[in-house]
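> Pasting in a structure now, in structure tokens, and then I'll have a few things to ask.
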Amino acid sequence: MKNNTQLERYKLLKDYIDTHYKEHINIAKIEQVCFYSYRNMNRIFLALHKETIGQYIKRVRLVKAAEYLKYSEKSIFDIALEVGFSDVHAFTKAFKARFQVPPASYRKQVNPSFQADLTTSSLSSVSVTPLEFSIEYLEAFEMLYIEYRGAYDDLQAIEEKWDALWQYAEKNGLANERSVLIAEILDDNEICDAIFCRYHAGLILDQPLKTIPEGLFRVKTHKPQKYVKFLHQGADETVVETYSAIYSQWLTKGKHEMADLPTLEFLLNHHLDPPKDQLLTEIYIPIE
């Protein structure tokens, strides 16, 4: 970007779309949000995001629809309306163009089922060790973060985002030995194209920031929310095994429906640089 003003306009628009993408967003609304002409803003968005504004809105709507088909029992008609399509036929056509099958066929392929009895304190997973869990309620908190977009298995690129976050936090007096590191996992990599999967490397703030974060750093507030908490011990490369157990065992049998919110990961001891097999990560799955 040529200057901070253009970057701030991009951040304003991106935050607005991510919050309001299910609503009708026209050119006038975009210009009102970012204080810039749609034509110029679209050029900036394309340069930073590798998609036009319209392409981004359409993609996130369809990806969200696929998540609803996979993780909920909502009707296709209701899902179409929920993600911003006023015409179910237009929704079906757009969905098929992206996922190669119509919504009904896609739902049969992913075969969702959430009927498990959670009266026990653990569930068997694919491994020998039972999958322990607990129901947790997190109070509201504010986090500073930077976004990574790309394949979740590109751990080096993600680590670079963590390094950038920590350096920025230290430079601005926001990091200390009590700092809580938190990651947001915003997309299902079995649904979203790998190049567009979003991961937020974040740090919980002790107090609200008095200034706007520089560059691509952003701040967001998490509202109070209920979660199912799991613990992963081991290298980051192996966390996919825990997620596989969660999605194949708990989510296919659980009586709680997932909430339409990001999954959270609390990195408990990563900053201490322990041996890889001793890394501890708490995984929080949001539930209704």
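> Taking each full run of DSSP H in the chain as one helix, which ones are at least 20 Å long along their axis (Cα atoms) and have mean Kyte-Doolittle hydropathy of at least -0.5?
Long hydrophobic helices here: 53-71.
> So how much slack lies between Glu159 and Lys226, counting 0.36 nm per residue of separation and subtracting their Cα-Cα distance, in nm?
Contour length minus Cα-Cα distance gives 21.3 nm.
> Here's another thing I want to ask about it. With n ≥ 4 as the cut-off for DSSP H runs, can you work out [θ] at 222 nm for the chain, using -39500 (n - 2.57) per run divided by the number of residues, rounded to the nearest 500?
-11500 deg cm²/dmol
> With a ≥ b ≥ c taken as the square roots of the eigenvalues of the C-alpha gyration tensor of the chain, please select rounded if a/c is under 1.5 and otherwise prolate if a/b is larger than b/c or oblate if it is not?
oblate
> Within 10 Å, at most 12 other Cβ atoms, and a DSSP state outside H, G, I, E, B define an exposed site. Report the longest part of the chain free of exposed trypsin sites (Lys or Arg not before Pro).
51-177
> Also, I was wondering about something else. Taking square-rooted eigenvalues a ≥ b ≥ c of the alpha carbon gyration tensor, is segment 4-110 rounded, prolate or oblate, where a/c under 1.5 means rounded and, failing that, a/b exceeding b/c means prolate?
prolate
> Now for a separate question. Can you classify segment 177-233 as rounded, prolate or oblate using the Cα gyration tensor, where a ≥ b ≥ c are the square roots of its eigenvalues, rounded means a/c under 1.5, and otherwise it's prolate if a/b beats b/c and oblate if not?
Verdict is oblate for segment 177-233.
> So, with +1 on the Cβ of K and R and -1 on the Cβ of D and E, and no other charges, what is the size of the charge dipole of the chain about its Cα centre, to the nearest 20 debye?
My answer is approximately 1420 debye.
> Given an 8 Å cut-off on Cα distances and at least 6 residues of separation, report the relative contact order of the chain as a percent.
19
Each reported figure results from applying straightforward, stated rules to the coordinates on display, with no laboratory input. Keep in mind that what you see is a predicted model, and the values were worked out from it rather than measured. Neighbour counts run over all protein chains shown; Cβ positions are idealised from the backbone, glycine included.
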